[in-house]
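Contents: one structure, followed by commentary.
Just so you know, all these numbers are worked out from the coordinates, no wet-lab data involved. It should be emphasised that the depicted structure is a prediction, and the values quoted were computed from it without experimental measurement. Glycine gets a Cβ as well: all are built from the backbone with ideal geometry, and neighbour counts include every protein chain shown.
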Amino acid sequence: MAAVAETSGEAASPTRGAWALDRDRLGAIAEAIAIPLIALLAGAALFALFMLATGYDPVEVYALIWAGGFGSSFSWSNTLLRAAPLLLTALYTAVPARLGLVVIGNEGALVLGGVAAAGIGFALAGAPAAVAIVAMGLAGMLAGGIWVALAGALRHFRGVNETISSLLLSYLAIALMNHLVEGPLRDPASLNKPSTGHIGDGFMLGALPGTDIHVGLAIGIVVCLICHVLIRHTRTGFAMRVVGGNPAAARLAGLGVGPLLIGACFLGGAAAGLAGMIEVAAVHGRANASLAVGYGYTGILVAFLARHNALAIVPVAILLGGIGASSGLLQRRLDLPDASVLVLQGLLFVAILASETLRGRLRPYFSGR
C-alpha cells in the first residue's frame, strides 16, 4: 500500500507542478496589467483633485476629454494622427529598457530624423517618389539611431549614465535642428518661421484608404509588431533580455554586451528618427520648430505606461493621443489652457514611477499563494 501511495504521489507531482507554474504565469500577467491600471486611476484621481482645487468640475473635465479624444469620428481621426508618432517615439525608450537602460532623449532623435529626412527630400527633387521616400526614411532612421547610439557607447565604454547623456543629447539635437533650419538649410522664402525647403507634394505620404489618417499610423503599428517579434521570439531578443536581467552573467555566457547595448540604442533611436521623417513627409512637408512639440517626451510616458512592451505601446499611444487631442475642446468649453493635459500626463508619469514599488508584491494575490 505504501508503495502504491508513493507511486501515486510521484505521478501526481508533475501535474501539481504544472498547475503551480500556470498560476505563477497567470499571476505575473495579471500583475503586469494591474499595475499600470492602478497608476492610471491614481494619476486620474490626482488630476481630479487638482481640478477641484482650481475650481473646475472633474466630471465635466473628464467628459470633455472623452468627447475630444474619442467621442466622434473627427475626434478619433485627431487622436490617431497624434498617436502615430507616439508609437515610434515610445520604442526609443522601450527597446533599450529591455537591457536595463533608461534613455529619455526621444525628442532629440525625432527632430534630427525630421531634419535629415527634409534635407534628403529637398535634395532629391525630381527623383522617383518611391526612391525619395525610402531615402528619406533611411536618412531619418540613421540620424536618430546614430545619435542615440552615442548614449549607448558612452555607457558601455566610459560608464556614463545613459539617462543623463541621452537627455543632454536631446537638448543638443534640438539646438542643432534650430541651427540648421535657421542657417545652412533655411529656405529663403520662409520669413516668419525659419524652415527647410519643402520636399514637394510628390514626396508626401498619403492617407490610409477611406480615412484622413496618414500611413504613418500603419507604419508605427508594423514597427511595434516587428520589435515585439524581435524581442520575444528571436535569439537576439533573448540575448537582450539576458543582458537586461544580469549583465555579469551575460558576459560569462559569452554574450556581446557592448554590441547589444549600442545596437538596442540604435534601434530605439531609429524608430524615433522614423517618427520625425513621418512628421515631415505626412504633416509638415518641411523641417522647422514644429517638429519639437513634445511627441518625444510623451513617448517616454507611453513606454513606461506600457511597461516597455512593444505590443502594449499601441493601445497606450492611442490613449495618450486622445488625451492630447482633447486639449482644444477643454480650452474652448472651459477656458482651460492647453497645458492642462500636460499636467494630467505629468501626474500619470509620477503615478507610473511610484507604482513600480508594487512590482512583485501583487503577484502572490493573483496567483493564490
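Approximating the spin labels as points 7 Å out from Cα along Cα→Cβ, the Glu60-to-Ser290 distance works out to 3.3 nm.
Helix content alone sets the calculated 222 nm mean residue ellipticity of the chain: runs of n ≥ 4 DSSP H residues at -39500 (n - 2.57) each, divided across all residues, give -25000 deg cm²/dmol. From the alpha carbon centroid of segment 142-180 to that of segment 264-319 is 16 Å.
Could you state the number of Å between the C-alpha centres of segment 100-125 and segment 326-369? First find each Cα centre; the distance between them is then 28 Å. Treating the chain as a set of equal point scatterers at the Cα positions, no solvent, please give the Debye-formula log₁₀ I(q)/I(0) at q = 0.08, 0.12 Å⁻¹. Results for the chain at q = 0.08, 0.12 Å⁻¹ read -0.46, -0.94.
Applying 1/(1 + (r/R0)^6) with R0 = 41 Å to the Cβ-Cβ distance of Val160 and Ala189 gives a FRET efficiency near 0.45. Scanning the chain for DSSP H helices at least 30 Å long along the axis (C-alpha atoms) with a Kyte-Doolittle mean no lower than 0.0 picks out 2-53, 73-97, 129-158, 257-279. For the chain, with a Gaussian network of springs between Cα atoms less than 10 Å apart, report the residue from Ile29, Ile199, Ile323 with the top mean-square fluctuation. Highest fluctuation among the options: Ile29. Proximity of backbone amide H atoms, modeled 1.01 Å from N, is registered between Ser195 and Asp187, Ser190 at under 5 Å, excluding neighbours fewer than 5 places apart on the same chain. Annotation: extensible slack from Asp24 through Ala130 equals 33.2 nm (criterion: 0.36 nm per residue apart, minus Cα-Cα distance). Given a Förster distance of 35 Å, report the FRET efficiency between Phe238 and Leu168 from their Cβ-Cβ distance, rounded to the nearest 0.05. The computed FRET efficiency comes out at 0.65.
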